[in-house]
Amino acid sequence: MLYLKNVQIPTLVGVNSNERTMKQPVIANVWVDNLSYKEKDDRFLKLERILVKTIEQSSFETLESLATEEAEQLMRQFVLPETPGSN
């Protein structure tokens, strides 16, 4: 199991014009379970890089759409390469 807890990442998020003028901190928690055993230190770094890159580069209007995109990116870039056939 890998668990990233309370990772704070600045990003543009919000519907209102005042929310779109400055990045706001988003706090993310990610838990990935049932992965095959490999070197865990490298996996933490890879998971964190994907998480931060996806959130920093986004500009979604809602947290729900941001979370959906983050889950898709983590699945595509991290989970499937580590454990093919996962869902």
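In degrees, nearest 10, range 0 to 90: what is the angle between the Cα axis of helix 63-74 and the longest Cα principal axis of the chain?
The helix 63-74 is inclined about 30 degrees to the chain.
Compute the FRET efficiency between ASN16 and GLN77 as 1/(1 + (r/R0)^6), taking r as their Cβ-Cβ distance and R0 = 35 Å, and round to the nearest 0.05. Spell out each step's value before the answer.
On the way: r = 31 Å, r/R0 = 0.89.
The calculated FRET efficiency here is 0.65.
For LYS46, which aspartates and glutamates qualify as cross-link partners when the Cα separation must be under 12 Å and same-chain residues fewer than eight apart are set aside?
Straight-line reach from LYS46, under 12 Å: GLU82.
Near the amide H of VAL13, under 5 Å away, which other amide H atoms are found, from residues 5 or more places off or on another chain, if H is placed in the peptide plane?
GLN24
In Å², and per residue, what accessible area does the chain have when probed at 1.4 Å with the other protein chains present? Walk me through the numbers before you get to the answer.
Details: 5920 Å² over 87 residues.
With all protein chains present, the chain gives 68 Å² per residue.
Could you check how much of the accessible area of the chain is carbon and sulfur, as a whole percent, using a 1.4 Å probe? Don't jump to the answer; show the numbers that get you there.
On the way: 3100 of 5920 Å².
C and S atoms contribute 52 percent here.
Is it possible to state the helix-based mean residue ellipticity at 222 nm for the chain, with each DSSP H run of 4+ residues giving -39500 (n - 2.57), the sum divided by total residues, to the nearest 500 deg cm²/dmol? What is it?
Calculated at 222 nm, the ellipticity per residue is -11000 deg cm²/dmol.
Could you tell me what % of all Cα pairs in the range 45-87 have separations over 12 Å?
58 percent
What is the helix-to-structure angle for 40-56, meaning the angle in degrees between its Cα long axis and the longest Cα principal axis of the chain, kept from 0 to 90 and rounded to the nearest 10?
Taking Cα atoms only, the helix is inclined about 20 degrees.
Work the Kirkwood hydrodynamic radius out for the chain: mean of 1/r over every pair of different alpha-carbon atoms, inverted, in Å.
Taking every pair of different Cα atoms in the chain, averaging 1/r and inverting gives 13.7 Å.
The values are calculated or read from the model by the stated rules, or taken from the named source; none is laboratory data. Values in this document were obtained by computation on a predicted structure and should not be read as measured data. Note that each Cβ is placed from the backbone with ideal geometry, even for glycine, and that neighbours are counted across all protein chains shown. To get the accessible areas, we keep the full protein, side chains included, count just its heavy atoms, and leave off ligands, DNA and RNA. Shrake-Rupley method; radii C 1.70, N 1.55, O 1.52, S 1.80 Å.
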